[in-house]
Amino acid sequence: MPVGGLLPLFSSPAGSGLGGGLGGGLGGGRKGSGPAAFRLTEKFVLLLVFSAFITLCFGAIFFLPDSSKLLSGVLFHSSPALQPPADRKPGPGARAEDAADGRARRGEEGAPGDPAAALEDNLARIRENHERALREAKETLQKLPEEIQRDILMEKEKVAQDQLSNRVGFKMLPPVDLAPLVGAIDGEPADAAIREKREKIKEMMKHAWNNYKRYAWGKNELKPVSKGGHSSSLFGNIQGATIVDALDTLFIMKMKDEFEEAKAWVDENLNFNMNAEVSVFEVNIRFVGGLISAYYLSGEEIFRKKAVELGVKLLPAFHTPSGIPWALLNIKSGIGRNWPWASGGSSILAEFGTLHLEFIHLSYLSGNPIFADKVMNIRTVLNNLEKPQGLYPNYLNPNSGQWAQYHVSVGGLGDSFYEYLLKAWLMSDKTDLQAKKMYFDAIKAIETHLIRKSRNGLTYIAEWKGGLLEHKMGHLTCFAGGMFALGADDAPEGLTQHYLQLGAEIARTCHESYNRTFVKLGPEAFRFDGGVEAIATRQNEKYYILRPEVVETYMYMWRLTHDPKYRKWAWEAVEALEKHCRVKGGYSGLRDVYFHKESYDDVQQSFFLAETLKYLYLIFSDDDLLPLEHWIFNTEAHLLPVLSRNIKKVEVNEK
Ligand code: DMJ
């Protein structure tokens, strides 16, 4: 059909309408009269048939599956060996192969082998694909419905995570209602003697920081004696733990230049795209916590971006049947596992129970409920479980969602879980009533079953093993004095005074554990049996690694009571640190606090800068520096603002 014959179809003359147009086209320009002219209905039917034909043609070309192959097979009878393989990828490689195929078709030189071999090759590939599909279908059929559901959920989550990563990568995080900063700096004491002490602690921070910078910049921690970098396996290959842990301490001490160099390092070097197996708990409390804290203090977007980026990396840890996360996670493959030593492959209470505060903030900062969903699910699992004597065992199996060994501790393996229940209540602007109830129920059971008084009147918190008490208290457990005091205000049944008193008693016991050593710094664990009180009896419990828990409790007790003894005790700790832990290259832990000659462990822990020095500095500052009604300290002493009940929060998806 000549092209000219079609044209009038698309250009009906004015006034002639459809009939005129069609007639003009098909009738060679004649108006609708004469024997060859069609009637209107005939024209309409013809138009329909014609347009159906055109649609069919287009459909065949564009929409039928692999129509090109079909056409080439039917029309050109080409050999399958010469067809491009179905899974060919675009890109330069594909073009080279196309060219080779072309040469083969034209019988040019360099054509790949003989057509029969190529045909066999292609068939093998098809067979292989077919078998793989069958295998996958069989595997799926063997799964339980819950497993299939979980796989679907994981796939969905993966998509959600990818979207979130893109939002972080493309800087599409939502605007955040940054509450006016209350007391982030200053707190300068009027009393000159106190001011001087505060200055001294700042000088200690400078000594720790400068030596880290000089000898271990960019590494996780400093070896202050051998003057090099120290890397713990807790962070995999993630580097810079000291930098991230120190950020907020630098900020509140107004060490502006140092803060800026730390920020620049984070911007240029802090990288999570690596094949690294990390401790989810440690990375969360130090890195996620440190970055969030730095963001709220400084308002610098880079910290929020990095915190959310890292949060996304940690999400695959929750891919367990119960949603209780793995302790260890490969942040590249997303494969998780538990510590090999943990009872029956269990997750640890103090680890999975110490994600709550940071993850609630991650949801707020990213505008995505996924983080809060994860930790609220942990809460639900724990709340629904039967608890022996009202106590929370340290080991929980993430596959069965059931407790493993009945071992209860307010020190290592359990500690910060209780701390985070209380702080979830406080950080929610006292709206998270479930956290409040769980906290007060838990500490009631702890008081009944674990807290005891020594013959000479020292209150201590023992460890509970299937109903039997081990009369030992860890340095880590000493944080509990501050926790009891911090929660006292909201205690039920007029117990406020009681909990404040309990806090004071724990502070006294922990002070005794310091006072009864040669260096006046406490051991890793101390005992109340075999005729001793607050003294370490085993060689492997006599070390001190610059831990903060005792001065942490002094800080809360000072703030809440203003009893001058807490400043006195804190100063004793400063003097002991200066005398026994300070070396030319920084601060080192000690192997034996009872020994008259220092034996250094040669590690300057990152928490020394994040926690120990920060708490000491606060004890010698006025209370308007970081007021407790506005700021929550995470378990690494990083600062999280109270999320006021008036700000809009992201919705958590109820299970
Ligand atoms: C810190 O990393 C945290 O305080 C954690 O909760 C317990 N251990 C260390 C300090 O001792």
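The values are calculated or read from the model by the stated rules, or taken from the named source; none is laboratory data. All values derive from a computational prediction rather than experimental measurement. Positions of Cβ are generated from backbone atoms using ideal geometry, with glycine treated the same way; all protein chains shown enter the neighbour counts. Side chains are part of the model used for accessible areas, which takes the heavy atoms of the whole protein and leaves out ligands, DNA and RNA. Shrake-Rupley method; radii C 1.70, N 1.55, O 1.52, S 1.80 Å.
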(request) Hey, can you tell me all the residues within segment 245-289 that are in contact (Cβ under 8 Å) with a residue 24 or more places away in the chain, of a type outside the set (V, I, T) and under 22 Å from E188 (Cβ atoms)? (result) A246, L247, D248, L250, F251, M253, K254, M255, E258, F259
(message) If the requirement is being within 16 Å of the ligand (Cβ to nearest atom), out of contact with any helix residue (DSSP H, G or I) (no Cβ under 6 Å at 6 or more places or on another chain) and not in a strand (DSSP E or B), which of these qualifies: L626, L577?
(response) L577
(message) Going through L291, L329 one at a time, which residue ends up being open to solvent by less than 10 Å² (accessible area, probe 1.4 Å) and more than 16 Å from the ligand (Cβ to nearest atom)?
(response) L329
(request) Output the residue which, of all residues in segment 302-315 that are in contact (Cβ under 8 Å) with a residue 60 or more places away in the chain and open to solvent by 20 Å² or more (accessible area, probe 1.4 Å), is nearest to the ligand (Cβ to nearest atom). (result) E309
(request) Could you check, for segment 641-651, whether at least one of its residues is under 26 Å from F303 (Cβ atoms), within 16 Å of the ligand (Cβ to nearest atom) and either surrounded by fewer than 24 Cβ atoms within 10 Å (Cβ to Cβ) or acidic (D, E) (or both)? (result) no
(request) Read through the list (1) away from the ligand (no atom under 16 Å from the Cβ); (2) under 20 Å from D415 (Cα atoms); (3) not in a helix (DSSP H, G or I), then give the number of the only condition that G503 fails. (result) (3)
(request) Considering only segment 287-388, give the helices (runs of 4 or more DSSP H) lying wholly within it that have at least 2 residues that are farther than 20 Å from Q402 by Cβ and touching a His at 6+ places or on another chain (Cβ under 6 Å). (result) 289-298
(request) Scan segment 233-241 and give yes if some residue there is at pLDDT 95 or above, more than 12 Å from Q604 (Cβ to Cβ), of a type outside the set (F, W, Y) and open to solvent by 70 Å² or more (accessible area, probe 1.4 Å), otherwise no. (result) no
(request) Select from segment 597-610 the residues that are open to solvent by 10 Å² or more (accessible area, probe 1.4 Å) and not in a loop (DSSP other than H, G, I, E, B) and write down the one among them that is nearest to the ligand (Cβ to nearest atom). (result) F607
(message) For segment 344-378, which positions are aromatic (F, W, Y) and either open to solvent by less than 10 Å² (accessible area, probe 1.4 Å) or within 16 Å of L396 (Cα to Cα) (or both)?
(response) F352, F359, F371
(request) Go over the candidates K430, K436 one by one and state the one that is part of a helix (DSSP H, G or I), more than 18 Å from F359 (Cβ to Cβ) and more than 16 Å from the ligand (Cβ to nearest atom). (result) K436
(request) Tell me which residues, restricted to segment 532-560, are part of a loop (DSSP other than H, G, I, E, B) and within 13 Å of the ligand (Cβ to nearest atom). (result) Y543, I545, L546, R547, P548
(message) If I ask for residues that are modelled with pLDDT of 75 or more, exposed (fewer than 13 other Cβ atoms within 10 Å of the Cβ) and at positive phi, which ones from segment 152-201 would you list?
(response) D186
(request) Determine, yes or no, whether T635 is open to solvent by 10 Å² or more (accessible area, probe 1.4 Å), within 13 Å of the ligand (Cβ to nearest atom) and among the hydroxyl-bearing types (S, T, Y). (result) yes
(message) Take the residues in segment 446-468 that are in contact with a strand residue (DSSP E or B) (Cβ under 7 Å, 6 or more places away or on another chain) and under 18 Å from A536 (Cα atoms); name whichever of them is most open to solvent (accessible area, probe 1.4 Å).
(response) K453
(request) Please work out which one of (1) in contact with a helix residue (DSSP H, G or I) (Cβ under 9 Å, 6 or more places away or on another chain); (2) over 16 Å from G412 (Cα atoms); (3) free of Cβ contacts under 8 Å to residues at least 60 places away in the same chain is the condition A488 fails and give its number. (result) (3)
(message) Considering only residues that are within 16 Å of the ligand (Cβ to nearest atom) and over 21 Å from R582 (Cβ atoms), which ones fall in segment 611-623?
(response) none
